[in-house]
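For reference, the structure is listed below as structure tokens.
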Amino acid sequence: MPDYKSCLANPQWGGRFAGGPADIMRDINASIGFDQRLWRQDIRGSLAHAKMLAHVGILSPEDAKAIEDGLNAIATDIAEGRFEFSAALEDIHMNIEALLSEKIGEAGKRLHTARSRNDQVATDFRLWTRDAIDGLSAQVSSLMRALAQRAREHAATPMPGFTHLQVAQPITFGHHLLAYVEMLARDKGRLEDARARLNECPLGSAALAGTSFPIDREMTARALGFDRPTRNSLDAVSDRDFALEYLSALNLLAMHLSRLAEEIVIWCSAPFQFVTLSDAFTTGSSIMPQKRNPDAAELIRAKIGRISGDYLSLLMVMKGLPLAYAKDSQEDKEPVFDATEAATLSLAAMEGMIHDLRAAPEAMRHYAAAGFSTATDLADWLVRALKLPFRTAHHITGQLVSIAERKKLDLAELSLAEMQDVAPEIHEGVFGVLTVESSLASRRSFGGTAPENVAREAQRWCDILGEE
């Protein structure tokens, strides 16, 4: 009869299988190459499980103490690089359990009582995803803080607001940056929502049907920081909605980062040159010595492709799986790990660029005045001052824009007589609304771009997020 370790070394472990697997089966079946990063969560779950087993009398206090000491010793070995992971032992769970039994003997073999690898991995993966969400939420907050602080700095800095990438109306640079604070706030909210939904503990669901042992699942859930145990053992071991919801939230986060990255690329380019980045976040050209390429922004822009692909990869894995567990679910971790790494790096790089970039207010102000950007202000003035219907005011403004364009003038450069040829009621007061600064100052509606609004909103976010 094979000993315990040889049983564990067989990927079809247990007495049912007399022969070993083919090499290709061992290769396709092993997950230790990527799931070893779950070691902290696996040991944490095992410690909670052992403590619960002792509490209900399934483990003796002596065995529970030996298991606790053994798992803590293994954690130290892994953290200090002394643990050799074995593909023959298939996954992180069997690697740790085998070494535990080697270290402490029979007590280690009792740890797996009242659990299965199915509920074990579901628990580990939820713990890992929860930790990842906490880390990314902190990064999102830090990026929001950086944007809010730069927005406060540039609350009154004019820049062109675009629609269709055409100059539309003057806005402030601070207002533009605060738009991304709003997007990131929604991203943070989605991550927190996903965390709240995943925070149920599968441990104790066993393979799929629960267990006959008198376990205390509430105790285990509390020990691991979960709100409650899962209510259905079939769903608990097969559910990966939490991972998909997490990846979905990362998709939207990455899309927002990509949009901001694209804007930075545009702002750095000629003829705009609204901002510059230092050598820390740019690269040169192998042939053109004058080039300063915003490669950090371009690489962030590309990360959405990876993260979106990771989401679709897991969605395709899960779409055809009947209850309960199937080995297909082993393919759940690599997309989540990859997307997390991409999002973590992108957030760090974006925050670095926001701190690093230097605005060019003169260039921004020049383009804020271009393209008849105060035409809407003129139409609004015609409504307010002359009591014209807005559609009539819109038509008159369009005629004046056409005249100015033909004469290669700005609206403010038209004479009063030229304006009165189109609308005799127009008077000198019109010139008070045709500058960039007057346009900005007038946009005082809630959420508008008036500098006083922007300064107040930037400070509000700084107060919420805290100063560095």
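Of all residues in the range 70-89, those being closer than 18 Å to F34 by Cα, within 31 Å of the chain's Cα centre (by Cα) and in a loop (DSSP other than H, G, I, E, B) number 2. Within the range 73-112, the set of residues being in contact (Cβ under 8 Å) with a residue 24 or more places away in the chain and polar (S, T, N, Q) comprises S86, N95, S101.
The residues in the range 436-468 that are of a type in the set (S, T, N, Q) and not in a helix (DSSP H, G or I) can be counted, and the count is 2. Residues of the range 162-201 that are free of Cβ contacts under 8 Å to residues at least 60 places away in the same chain, touching a helix residue (DSSP H, G or I) at 6+ places or on another chain (Cβ under 7 Å) and more than 20 Å from A261 (Cα to Cα): E192, R197. Filtering the range 141-180 to residues that are under 15 Å from the mean Cα position of the chain (by Cα) and surrounded by 24 or more Cβ atoms within 10 Å (Cβ to Cβ) leaves L143, M144. Residues in the range 114-128 that are in contact with a Leu (Cβ under 6 Å, 6 or more places away or on another chain) and surrounded by fewer than 24 Cβ atoms within 10 Å (Cβ to Cβ): W128 only.
When the range 75-95 is filtered for residues that are within 12 Å of S46 (Cα to Cα) and modelled with pLDDT of 95 or more, only A75 remains. Just one of the numbered conditions (1) of a type in the set (F, W, Y); (2) at pLDDT 95 or above; (3) open to solvent by 20 Å² or more (accessible area, probe 1.4 Å) is not true of F372: (2).
Helices (runs of 4 or more DSSP H) fully within the range 189-280 that include at least 1 residues being surrounded by 21 or more Cβ atoms within 10 Å (Cβ to Cβ) and within 24 Å of the chain's Cα centre (by Cα): 241-268.
Each residue in the range 424-441 was checked for being crowded, with 20+ Cβ neighbours inside 10 Å and within 18 Å of H154 (Cα to Cα), and 3 pass. Filtering Q330, Q290 for residues that are surrounded by 17 or more Cβ atoms within 10 Å (Cβ to Cβ), more than 22 Å from the chain's Cα centre (by Cα) and modelled with pLDDT under 95 leaves a single hit, Q330. When residues in the range 234-272 are screened for being in contact with a Pro (Cβ under 8 Å, 6 or more places away or on another chain) and free of Cβ contacts under 8 Å to residues at least 40 places away in the same chain, 2 of them pass. Exactly one residue among E80, E102, E90 is buried (at least 20 other Cβ atoms within 10 Å of the Cβ) and either on the phi > 0 side of the Ramachandran plot or acidic (D, E) (or both), and that residue is E90. Can you name every residue in the range 452-468 that is surrounded by 13 or more Cβ atoms within 10 Å (Cβ to Cβ) and farther than 11 Å from R152 by Cβ? Within the range 452-468, E452, N453, I464, L465 meet the criteria. Suppose the filter is free of Cβ contacts under 8 Å to residues at least 12 places away in the same chain and surrounded by fewer than 16 Cβ atoms within 10 Å (Cβ to Cβ); does R26 pass it? It is false that R26 is free of Cβ contacts under 8 Å to residues at least 12 places away in the same chain and surrounded by fewer than 16 Cβ atoms within 10 Å (Cβ to Cβ).
The values are calculated or read from the model by the stated rules, or taken from the named source; none is laboratory data. Computed from a predicted model, the values in this text were never measured in an experiment. Every residue, glycine as well, gets a Cβ built from its backbone with ideal geometry; the counts of neighbours run over all protein chains shown. These accessible areas exclude ligands, DNA and RNA; they are computed on the full protein's heavy atoms, side chains included. Shrake-Rupley method; radii C 1.70, N 1.55, O 1.52, S 1.80 Å.
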